[in-house]
Amino acid sequence: MATYLVTGATGLIGRHFVAELLARPDTERVWLLVRERSQDRFAAAARAWPNAEKTRPVLGDVREPGLGVDEAQLTELTGHVDHLVHLAALYDIAADDDASIAANVDGTRHVIELASAVGAGCLHHVSSVAVAGDYRGRFTEEMFDAGQRLVTAYHRTKFESERLVRSQTEVPWRVYRPAIVVGSSVTGEMDKIDGPYYFFSALARLSAVPSVPLLFPDIGDTNIVPVDYVAAAMAHLVTEPGLDGHAFHLVNPEPQTARGVYNAFASAAGAPVATAELDHRLSNPLISLVKLAEHVPGVTIARDAVLDRLGIPPILLSTLTFEPRFDSTETRKALAGSGVDVPPLEDYADVLWRYWREHLDPFRARRHGQRGELDGRRVVITGASSGIGRATALKVAAAGAVPLLVARRQTELEEVQAEIAAAGGQAYVYPCDLTDDESVAKTVEAMLTEQPGIDMLVNNAGRSIRRSVQLSYDRMHDYERAMAINYFGAVRLILALLPHMIERRFGHVVNVSSIGVQGIAPRFSAYVASKAALDYFAKIVATETHGAGITFTTVHMPLVRTPMIRPTKIYDAFPTKSPEQAADMVLEALLKRPKHIGTPTGRAISAAYTVAPGLVDAIAYQGYRIFPDSTAAGGGGRVKIGKGDRHLGAAAMALARLTRGFHW
């Protein structure tokens, strides 16, 4: 009967390896080093293990001296560990030196200390074929330091950690060097994006390209193995007698061409396959030319921008293929008769692809249902109880989305919800005061708990104030109120939802702005300023979240006949859009996700101000003179204002028609 202490048991290889150990009849006990914060992961993994009652957690951390194991557990382990299997490491080609050293080098040093302290029978160290670096030619299992160059922090720290194991003399050792490890060949299970998975998003996009003959460059060979093979091979090699002091290459016996790997996954993805390979005599000059182009200003920035959109670390381009060819003769001898062998990649590539698409695709939140772009989307709509918000909610629901209705008054929201349900749709009600931090935080928390995800946000709730500055000298609160809802309310909600959207690598925000931002709107210094602030907030945040797939659309909305404009009686005579027409603009913003949506009038006014700002000021001043302050603004004592256009002069009516949709 054998006992084991395993580090990294909750990682991908660790979970499969421990399952293999527990399935063996000669396994007596398996202690598992578990960090305090990883106990939930340990419990989840244990539920899938056979004979899990044979496991015992040991609280600790490889980054701590002695692994952070307390005296009581150290006493329990001393003299009772036949095999210490060190799997814990940072497997990240893009990680920096400090993080890699802490996890891989210092961690291994601490494992060696503990192995010596407890008198372990053998230290089994999981290294990597990365230790071969850029060595050219056949790299055997006996080879280690052959003068190779180690091209990344990962390569360097895996080399150094293996060196530590080889150079110590306190404990017998064995070393295991897996190739690029992918998910299970049986279930496809994988725990993160790594290796070839970085290119799956690009393959998914290629699946929409018609099948055409594809010429693939000869860029070299790679080596990929499934995690179940690595785990099964290790479980056999760990217990096989007489193998101390040896390293084992857990690799494909024959290298895989980059073209072969591409075709295996392209076939699974439904993408075009490579029908021929460009000879290396032609490929090499082209690759050299591409590398030379990287020194041209702007080329690297453009390349990295494209790679970032696809989720591919630039460093991966320099580690796509292997210079060495890994000899696994001794490993295959030791595994002979065990039934453990490497399956061909083409036999399980489709299994890996399906698992990735369902569980790991970083852009899976961007997929929509069969009914169209909005099918199944969760769309937060503020100000949804009336006007543009209500009309937008109805149209969004009709397009297959699920609107999440936000406003202060729950009763009115429930009426909109009932109307959507009666039409066969679905909606949820979230009463909220957007000017209150706590209210927004609780609302967003409820949404994220109750909904599978938040895809889109329509910032429609707003407050309009039409009052000239001469009537505002003692009304600073007008400006504060406008900013509170139009700017800070929208920003508050965006900031609350952004972490969720960034994590899902998808999100679209529609800000309902105003045509007044495109021109000069007298009497709207409070309202337009608040909308302009939101416009520029969106422009800046869009650049910072571009790589995470977050997009913004600003709708410069013209005058719409809603309850918000009712106090201004002269608007009864103005050409306006209906709430339904306004909702169509918002719907277009959700469907097409452009940077901006507006009207011809708004674009014309904006262009005119760019070309002749003084002239536009003069025209706006005339508009200021001929359109009176409303009674609601406190101007009733100076001008007579009634309902209808009969109280507007001919010049006022002409300007209203000429600037259709503009609010004067």
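A quick yes/no check of all residues on (1) crowded, with 18+ Cβ neighbours inside 10 Å; (2) of a type in the set (D, E, K, R):
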residue: ARG467; (1), (2): yes, yes
residue: GLN470; (1), (2): no, no
residue: LEU495; (1), (2): no, no
residue: GLY519; (1), (2): yes, no
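Inside region 350-468, counting only helices (runs of 4 or more DSSP H) that do not spill past its ends, which hold 2 or more residues that are more than 22 Å from ARG593 (Cα to Cα), of a type in the set (A, V, I, L, M, F, W, C) and modelled with pLDDT of 95 or more?
Details: elements: 387-398, 410-422, 437-450.
Per the criteria, 410-422, 437-450.
From the list GLY270, GLY188, pick out the single residue that is surrounded by 19 or more Cβ atoms within 10 Å (Cβ to Cβ), under 29 Å from the mean Cα position of the chain (by Cα) and on the phi > 0 side of the Ramachandran plot.
Numbers: GLY270 fails: surrounded by 19 or more Cβ atoms within 10 Å (Cβ to Cβ).
Being surrounded by 19 or more Cβ atoms within 10 Å (Cβ to Cβ), under 29 Å from the mean Cα position of the chain (by Cα) and on the phi > 0 side of the Ramachandran plot holds for just one of GLY270, GLY188, which is GLY188.
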Q) Within the bounds of region 127-136, is there any residue that is in the same structural domain as THR7 (by TED's automatic domain parsing), touching a strand residue (DSSP E or B) at 6+ places or on another chain (Cβ under 6 Å) and of a type in the set (Phe, Trp, Tyr)? A) yes
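Answer yes if at least one residue in region 438-456 is touching a strand residue (DSSP E or B) at 6+ places or on another chain (Cβ under 8 Å), farther than 28 Å from ARG367 by Cβ and assigned by TED's automatic domain parsing to the domain that holds GLN370, and no otherwise.
Taking region 438-456 first, the residues touching a strand residue (DSSP E or B) at 6+ places or on another chain (Cβ under 8 Å) are 443, 446-447, 450-456.
The next check asks that each one be farther than 28 Å from ARG367 by Cβ; those that pass are none.
No - not one qualifying residue is present in region 438-456.
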Q.
Condition (residue is aromatic (Phe, Trp, Tyr) and modelled with pLDDT of 90 or more) applied to region 213-222: is it met by at least one residue?
A. no
Q.
Let me spell it out: the conditions are (1) touching a strand residue (DSSP E or B) at 6+ places or on another chain (Cβ under 9 Å); (2) in contact (Cβ under 8 Å) with a residue 40 or more places away in the chain; (3) closer than 22 Å to HIS249 by Cβ, and TYR154 meets all of them except one. Which number is the exception?
A. (1)
Q: Could you grab me the full set of residues in region 92-123 that are buried (at least 24 other Cβ atoms within 10 Å of the Cβ) and either modelled with pLDDT under 90 or assigned to a loop (DSSP other than H, G, I, E, B) (or both)?
A: ALA120
Q | Of residues in region 30-73 being in contact with a strand residue (DSSP E or B) (Cβ under 9 Å, 6 or more places away or on another chain) and touching a residue at least 40 places away in the same chain (Cβ under 8 Å), the one farthest from ALA235 (Cα to Cα) | A | VAL69
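For (1) of a type in the set (Ser, Thr, Tyr); (2) touching an Asp or Glu at 6+ places or on another chain (Cβ under 7 Å); (3) more than 27 Å from ILE312 (Cβ to Cβ), each residue gets a yes or a no:
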| residue | (1), (2), (3) |
| --- | --- |
| LEU345 | no, no, no |
| ASP350 | no, no, no |
| PRO362 | no, no, no |
| ARG366 | no, no, no |
| GLN370 | no, no, yes |
| GLU373 | no, no, no |
| VAL379 | no, yes, yes |
| SER385 | yes, yes, yes |
(Q) Under 9 Å between Cβ atoms, which residue pairs at least 6 apart in sequence (or on different chains) link something in region 445-474 that is free of Cβ contacts under 8 Å to residues at least 24 places away in the same chain with a partner that is in a loop (DSSP other than H, G, I, E, B)? (A) GLN470/ASP629
Q: Please give the number of the condition ASP244 fails out of (1) in a strand (DSSP E or B); (2) assigned by TED's automatic domain parsing to the domain that holds HIS83; (3) among the charged types (D, E, K, R).
A: (1)
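The values are calculated or read from the model by the stated rules, or taken from the named source; none is laboratory data. Just so you know, these numbers come straight off a predicted model, no measurement behind them. A quick note on method: Cβ atoms are made from the backbone with ideal geometry, for glycine too, and the neighbour counts reach across all protein chains shown.
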